[in-house]
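K.L.:
Quick one: the structure is below, questions incoming.
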């Protein structure tokens, strides 16, 4: 939902970096030879994406979850659009979307806020909001469904299963993040799987249920996807899905206070580790201002995570998980993956 232009430079070169970024935003020449060259670059990027099975699975997951809506489209778009996009299309896009009310200039590291404001006034002060209305995106409809691309020549199946999650500003987002951390992530190359705090990781290690799994919580403006991506051998798919749904239902009913406290501490640790460096901090500032109209201080985020109780996690997981229609995307030898009706039936306990 956001586009980022960024530069990383020495502190003395910040004025030049801001000038270059401002020039890109306001004065791109969009010459035909450059457009043709970038067209070829994007087409090659599409080939790279198609060779990355995780990217392919998540594209399919969005396509089936948000079918018929903008979120169902891939980031790069269909090939026919790339081949026919013109200079006029690009100019209209810039005119419509690159308006002051929709732009954030953020900085991190060796730069003072006042100096950055002065540079913004100098290089971006000429930007004017046009008479065009800011594009409003209608809420994207979620549909529980599935996409399976069966290919028995592949050694492993790549699968994602998810439910509709919460948007950026939803109060349920923090408890969902805690629940996501409770499920965790695991790879068979890691040591100590039998002693992992995550039940699913222990089961995967001891019973050889999968090669790896990774839970995720993807948020957009007014919706999201909360689920898991895993890679497994064909004959282990049924057992892994059974263990996964057992863990999901446990989140709705029997998760303990100790498990929630561990997940909260791990979530705070992971968030701090993600802000290790000026580039992720700068990106985080810009994204939060666009989403929340402010930067959420770390102490506030820490307090909000600490405020999550075991009952909060149970209630939120019951709201989003229990007896809800999931979305499933799978690529590879998928014959052993339970059919959709069985997966749907596993979303509740009697």
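Any read-out appearing in this document is the output of simple, stated calculations on the displayed coordinates, not a laboratory observation. Just so we're clear, the structure is a prediction, and the values are computed from it rather than from any experiment. Glycine also receives a Cβ, built like all others from the backbone with ideal geometry; neighbour counts cover every protein chain displayed.
K.L.:
For helix 32-51, what angle does its Cα long axis make with the longest principal axis of the chain, in degrees from 0 to 90 and rounded to 10?
P.N.:
10
K.L.:
Same structure again: Just the ratio, please: alpha-carbon radius of gyration of the stretch 1-117 over 2.2 N^0.38 Å, N its number of residues.
P.N.:
Working: Rg = 17.6 Å, N = 117, 2.2 N^0.38 = 13.4 Å.
Cα Rg divided by the expected 2.2 N^0.38 Å: 1.31.
K.L.:
Nearest-5 percent of antiparallel DSSP beta bridges in the chain? Present the calculation step by step, with values, prior to reporting the outcome.
P.N.:
Working: 24 of 29 bridges.
Approximately 85 percent, going by the DSSP bridge assignments.
K.L.:
In nm, to one decimal, how far is the residue 53 label point from the residue 303 one, both placed 7 Å along Cα→Cβ?
P.N.:
Between residue 53 and residue 303, the label points sit 4.7 nm apart.
K.L.:
Compute the label zone of residue 310 within the stretch 255-271: residues whose backbone N is under 12 Å from the point 7 Å along Cα-to-Cβ.
P.N.:
Answer for this model: 255-262.
K.L.:
So for the chain, averaging the separation of alpha carbon pairs under 8 Å that are six or more residues apart and normalising by length, what relative contact order in percent results? Before the final figure, lay out the partial values.
P.N.:
Numbers: 488 pairs, mean separation 84.0, N = 350.
Here the relative contact order equals 24 percent.
K.L.:
I'd like the Kirkwood hydrodynamic radius of the chain, using the inverse of the mean 1/r over distinct C-alpha pairs, in Å. Present the calculation step by step, with values, prior to reporting the outcome.
P.N.:
Working: mean 1/r = 0.0440 Å⁻¹.
It works out to 22.7 Å.
K.L.:
Which order do the peptides 261-274, 289-302 come out in when sorted by mean C-beta neighbours inside 10 angstrom, highest first?
P.N.:
Details: 261-274: 15.2, 289-302: 12.3.
Ranked from most to least packed, the peptides come out as 261-274, 289-302.
K.L.:
Continuing with this model, one more query. Could you work out Rg/(2.2 N^0.38 Å) for the stretch 146-345, with Rg from alpha carbons only?
P.N.:
Numbers: Rg = 17.4 Å, N = 200, 2.2 N^0.38 = 16.5 Å.
Rounded to two decimals, the normalised Rg is 1.06.
K.L.:
Full extension from residue 30 to residue 170: what is 0.36 nm times the residue separation minus their Cα-Cα distance, to one decimal in nm?
P.N.:
Working: separation 140, 0.36 × 140 = 50.40 nm, distance 3.91 nm.
That works out to 46.5 nm of additional length.
K.L.:
If you take the Cα atoms of the stretch 110-185, find Rg, then find the Kirkwood Rh from the mean of 1/r over all pairs, what is Rg/Rh? Walk me through the intermediate numbers first.
P.N.:
On the way: Rg = 22.6 Å, Rh = 18.9 Å.
Result for the stretch 110-185 is an Rg/Rh of 1.20.
K.L.:
Here's a follow-up. Calculate the spin-label point distance for residue 188 paired with residue 270, positioning each point 7 Å from the Cα along the beta-carbon direction, and give it in nanometres.
P.N.:
Taking the two extended label points, one gets 2.3 nm.
K.L.:
Estimate the FRET efficiency between residue 67 and residue 296 by the formula 1/(1 + (r/R0)^6), using the beta-carbon distance for r and 41 Å for R0, to the nearest 0.05. Walk me through the intermediate numbers first.
P.N.:
Details: r = 33 Å, r/R0 = 0.80.
FRET efficiency, residue 67 to residue 296: 0.80.
K.L.:
Which whole-number percentage describes the relative contact order of the stretch 11-124, with Cα contacts under 8 Å and a sequence gap of 6 or more? Each step should come with its number before you reach the end.
P.N.:
On the way: 44 pairs, mean separation 46.8, N = 114.
Once divided by the residue count of the stretch 11-124, the mean separation gives 41 percent.
K.L.:
So, in nm, how far is label residue 9 from label residue 112 when the simple model puts each one 7 Å beyond its Cα toward the Cβ?
P.N.:
With each label placed 7 Å out from Cα toward Cβ, I get 1.8 nm.
K.L.:
Could you work out the equivalent-ellipsoid semi-axes for the stretch 38-173, taking the square root of 5 times each eigenvalue of the Cα gyration tensor, largest first, in whole Å? Write out the running numbers ahead of the final one.
P.N.:
Working: eigenvalues 253, 87, 67 Å².
The equivalent ellipsoid of the stretch 38-173 has semi-axes of 36, 21, 18 Å.
K.L.:
What percent do you get for the relative contact order of the stretch 146-345 when only Cα pairs under 8 Å and 6+ apart count?
P.N.:
On the way: 331 pairs, mean separation 77.1, N = 200.
Relative contact order of the stretch 146-345: 39 percent.
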